[in-house]
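Notes follow once the structure below has been shown.
We did not get these values from a lab; they are worked out from the coordinates using the rules stated. Since the model is a prediction, treat every value here as computed from it, not as a measurement. Cβ placement follows ideal geometry from the backbone for every residue including glycine, while neighbour counts extend to all protein chains displayed.
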């Protein structure tokens, strides 16, 4: 920390930068405040009066309405199931393979590793059409499986975990071999616990990515009860042009966004550390 | 407690031959030190005994079993690593229990063994700590404890003291030596530090370039180094090597000319010819007003009990000698050294050593 | 401890995965758009309360479920934006709803792929009088002599009128405005209106489909087809098309017509008395009625009127909502019977749908007092005779109409010259249609 | 020497690996080939076919999809839009991210709060973000137009204006995505040893000089990394566009992925969509190559 806590006697340039950032912060906050305001307004009033949000009366009717419609809860649950399962599976597959590439000296290892990293260049968006047909062939759309499986084998995960396992001192593992531990035991009892920071990075990235994924659930989950939160909320957005129920829509977005925000604020230390962890290596 | 036999061991990394056709026998209960500079193959040899490295050719026997094909866990060896290689996420007790749990040892037995090891190593109060909360010396003791609880036939140490500070190193040397006496186990210890080797070993194996230079008791190695390499590697400050320009035999002993000076040695003259090198350890080259060798003082190191004198011969060659604790010499002084001919060495063109002292 | 946590986590996930409801009744899965409005109408059983599509269809479903305890119609609501992508996806995955809403213009795309069951026999089974279905909608869902859907309504393009403002400008009385009968009259009346009130006569929304419907209506009135030679090639180089575009563009340039950035703004401004007329559709009538009542006065004398014949003979763009039974849906006899019962119910209660503003498709209802007494609708009885669908065998109309509309709006807003815009629209539509098999 | 080696009888070797250990990488390889490589190859094949996703109808038509694709004005526009989007989104993300990181790289309570705020928007899903910003941009009623009206400029309906819509989406994207570059920069800044700054102070460097000749060069590798990550991410922009404008007005915001989605799933021409996807793939490979190159040459930065 180069400039730890010295605001007094700060040079002019730094002071200007600080002011700029504070202004930016206000800009960042405004939409959130505004949306909250709109969510607390009567829908008809919003249609008629453009500036309605800036004056009373406010009401929590939109939130009451929200609890009456159950879909949001279902979507939320779906998102949770899909994101958690996908993340857990990505971690399992990536850790296993990462360990394998890092520690098992099978012939042709480097070639297979490079072959595995080629996938880094394949954007998920570029394969949605065949992937859709593929799941179609097995009648798997509108199932959790379809939402969870694609992307479990992520070259990024392999890359990250392999690098991390390689960085664990070989001596620790050799000690375990002398301690009569089997290969899997070494992986499970020694390597895995030591790889928790990398797993946190991969897990948080994966969870955020899955939670926010839009394109694949959009084409795979076509039944409302299988919607994830992103797709469900997207479906309701088509009404915004009519600004019908604008307050209701905004209440939805507040309601749907809040859990992630709260979760983030609670765990932000880990989230930030995990994200940063990916950069330093 | 088992003996170890290495037979015609060969190790290649790709086309690079790290160890060439090495054979060695280690007696049961013996404390053996592999000594040599880094890259000499001593660690590779140790790792092959442990099973962490495969042999390219040759056999390894531990006790009555031939083991070179067995995985490390089945060889009955325990190893203490240079970095200790403690499991960072486990407590001290868990670190020690891991190996025992893996072979299905009963819980009560594990606990008893840990308690015993903790007592020996004075780790009782640390059992619930994790390695990150321990000092270097404590970690080192845990690493040893982890080896002890397995009651192995053979202990292997891979430069375990190199990460300790000087004081602690000295103390741990004593502890390991005591441990060896207590346990009576076969121990193989790898180091590049000749003091460790000298102080602990019953038998030192000096290695260079993947080959054994000399196997012997510490004093034997020190007093009768088999090769010029061994002579130069063992002893601090290192032995002085002076080029011999001419020789003559006087009463069966060799006298050698170094520069303008004729130096008598205790080395038998018989059979020595060709280009030779005279070897004198600093303690055999003492400051003496009546000495035969004249030199000019360069650096003076006062150690308290004695004084090390770095000096320059007229021919420009540097030598290191000793003076008493009250030496008054300073930079630039003219000095004379006398040679203790009973402790001289002569190395022939092949580097083989010939000594004034005879084997005990 | 940690392991325990992980286990209990797994347990929760497993529990979530296995929750399913008990199913005692025959379930009819009813795929539709029209939105979700459980909050307002979730338990409503009074068909006279709602005034928009969502409220009416929700209420009708409630009533049917209440009247038929052995059947449960489960709405599966998708917003209209991604509706067809998702419906196609559901068919592809074999997850076929029992009854689905479908715009009549989409029918051909599904029929061509053999995805829809013909309904002729089923309608008879259900006791639905096919002859009571107005000719236009019925013709629109008849392909190769077979009926593939049960139409629900006429959806047409029309003018929403603030007759109070119009009266101020001397264009008729409150609730009885005067509409132009030719392009010249349109310009004259619009100028008169602008002079009197200072406000634009007409409002168009920056919505590609709206622009395309407007142009299509004008071309219909002129009698010039959009697809003169082939259902795969549009022609916007016709005199009629060009003069229609020129007319609209000149009105915009003169300030007689404004383009509203979105429907929200269009609604707010129109209900606030910002223009005399607003181009829109039948589905907006219910909401505008509600708005004009709630805003108290500014939208004085709101009426809706079929698109005036300013370009020749009366004619107007029309589409229909319809109900289809997709192949693979309603697979059991019970489900089929229940589904048909629901179709019959919708047919019988067709009149309530008219509250939304759409016209009922049953000829017998057009003259019934229940319909004619519905307020704010002027001259709606004429609609069935002037309503014209886009040729039903034109593929993917919902894709190509926005193509045309986007280019039109670019012309209207001066981003493209008329020639460039027309050429671009033709190229986009024609290359796309050519690409389809 | 008590034993000698017997050259004839070779004992079994010490194995460094065993077949069952391949189970570590097997799950990955199977899933990787099945759900990534195979679809990729299939997509490549599809691009030479007329393929109707929902009828399952397929016919080989050679390069026709590609010919149509390159002749398609809308597609060309989508490519241009995508490049423009990347060009107007990445610089603010990098520059603002760096500015915020530089200012907030201190241990005070308020910088912690601001860091939370700036990263907080990143955890929201794209639908929530677009819902919020469509609200902000709503003509007349939105926050932006309310503000513009208040200062007398008058509303602009940013998403309805073909010249501004993409900028509007870019602003939303920056608001949404600033957290990641900020955190990456913060992490990099904390890796810079404090002694360098002390040395710079002893050398009488001004804060400005310190920034340009110490700080920036020290984190240059991260800067490059962030730029490339952002470029790759935003080349694949889809959600914001599909939800905020659907590609309009007047094709001014349609992106390459949006084009793939529309032609595959809305217009039902999956072969054509696959051809468009191959082009995206080629661009991504180039970008990935760039990243590889940059990370390989780290020591030069």
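When only alpha-carbon atoms count, how far does segment B:193-326 stretch along each of its three principal axes, as whole angstroms with the largest first?
42, 40, 26 Å, listed from the longest principal axis down.
Let me test this: with uniform point scatterers at the alpha carbons of segment C:111-151, what is the Debye-based log₁₀ I(q)/I(0) at q = 0.33 1/Å?
The Cα Debye sum returns log10 ratios of -1.26.
What percent does the relative contact order of segment B:240-355 come to when contacts are Cα pairs within less than 8 Å and at least six residues apart?
30
Just checking the output field for A:16-23: average partner chain Cβ neighbours within 10 Å of each residue's Cβ? Can you show the working numbers first?
On the way: counts 1, 6, 5, 1, 4, 10, 3, 0.
Counting other chains' Cβ atoms within 10 Å and averaging over A:16-23 gives 4.
Compute the relative contact order of chain A as a whole-number percentage, counting only Cα pairs closer than 8 Å that sit 6 or more residues apart in sequence.
31
Compute a Gaussian network model of chain A, connecting alpha carbons closer than 10 Å, and tell me which residue from A:160, A:80, A:12 fluctuates the most.
Taking springs between Cα atoms under 10 Å, the residue moving most is A:12.
Kirkwood Rh, segment B:41-175, all Cα pairs: how many Å?
Roughly 15.7 Å, rounded to one decimal.
May I ask you to list the residues of segment D:255-286 whose amide nitrogen lies under 17 Å from a point 7 Å from Cα along the Cα→beta-carbon direction of residue D:84?
Counting only backbone N, you get D:255-259.
Summarise the partner chain shielding of A:145-156 as one whole number: the mean count of Cβ atoms from other chains within 10 Å of each residue's Cβ. It would help to have the intermediate numbers written out before the result.
On the way: counts 0, 1, 0, 0, 3, 5, 3, 7, 11, 4, 3, 0.
Per-residue shielding by partner chains comes out at 3.
Taking every alpha carbon pair in chain C, what does the distance histogram look like in 10 angstrom bins from 0, in percent?
Binned Cα distances yield the sequence 4, 20, 29, 24, 14, 6, 2, 1, 0.
Counting only DSSP beta bridges with both residues in segment B:4-227, tell me the antiparallel percent, nearest 5.
Rounded to the nearest five, the antiparallel share is 50 percent.
Three principal axis extents, largest first, for the C-alpha atoms of segment D:1-137, in Å?
That gives 89, 64, 25 Å along the principal axes, largest extent first.
If you average the alpha carbon positions of segment D:101-155 and of segment B:33-75, how far apart do those two centres end up, in angstrom?
A separation of 65 Å, based on Cα centres.
Compare A:73, A:98, A:203 in a GNM of chain A, Cα atoms joined below 10 Å, and give the one with the largest fluctuation.
In this elastic network of chain A, the residue with the biggest mean-square fluctuation among A:73, A:98, A:203 is A:73.
Take the Cα pairs of the protein assembly as shown, get the Kirkwood Rh, then feed it into Stokes-Einstein at 25 °C and 0.890 mPa s and tell me D in µm²/s.
Estimated diffusion coefficient is 65 µm²/s.
Per the Kirkwood formula on distinct C-alpha pairs, the Rh of segment A:69-280 is how many angstrom?
About 19.3 Å for segment A:69-280.
For segment D:64-300, what's the relative contact order in percent, using C-alpha pairs closer than 8 Å and at least 6 residues apart?
28
Any idea how far the Cα center of segment B:190-253 sits from the one of segment D:159-215, in Å?
62
Picking from C:423, C:190, C:304, which is most flexible by a Gaussian network model of chain C using Cα springs under 10 Å?
C:423
Modelling each spin label as a point 7 Å along the Cα-to-Cβ direction, I'd like the residue D:213/residue C:364 distance in nm, to one decimal.
9.5
Evaluate peptide A:62-68: per residue, the Cβ atoms of other protein chains within 10 Å of its Cβ; return the mean as an integer.
What the average comes to for A:62-68 is 2.
Which percentage, to the nearest 5, of the DSSP beta bridges contained in the protein assembly as shown is antiparallel?
On the way: 91 of 129 bridges.
So the antiparallel bridges amount to about 70 percent of the total.
Note the angle between two axes, namely the Cα long axis of helix B:107-121 and the longest principal axis of the Cα atoms of chain B, as a number of degrees from 0 to 90, rounded to the nearest 10.
So the inclination is approximately 30 degrees.
Nearest 10 degrees is fine. How inclined is helix A:196-212 to the longest principal axis of chain A, computing both from alpha carbons?
40
What are the principal axis extents of the Cα atoms in segment D:64-300, in Å, biggest first?
Extents along the principal axes, in whole Å: 66, 50, 26.
In whole Å, what is the distance between the alpha-carbon centres of segment A:98-177 and segment C:408-437?
After rounding, the separation between the Cα centres reads 46 Å.
Using Cα atoms only, what is the angle between the long axis of helix C:208-222 and the major principal axis of chain C, expressed in degrees (0 to 90) to the nearest 10?
Around 60 degrees separate the two axes.
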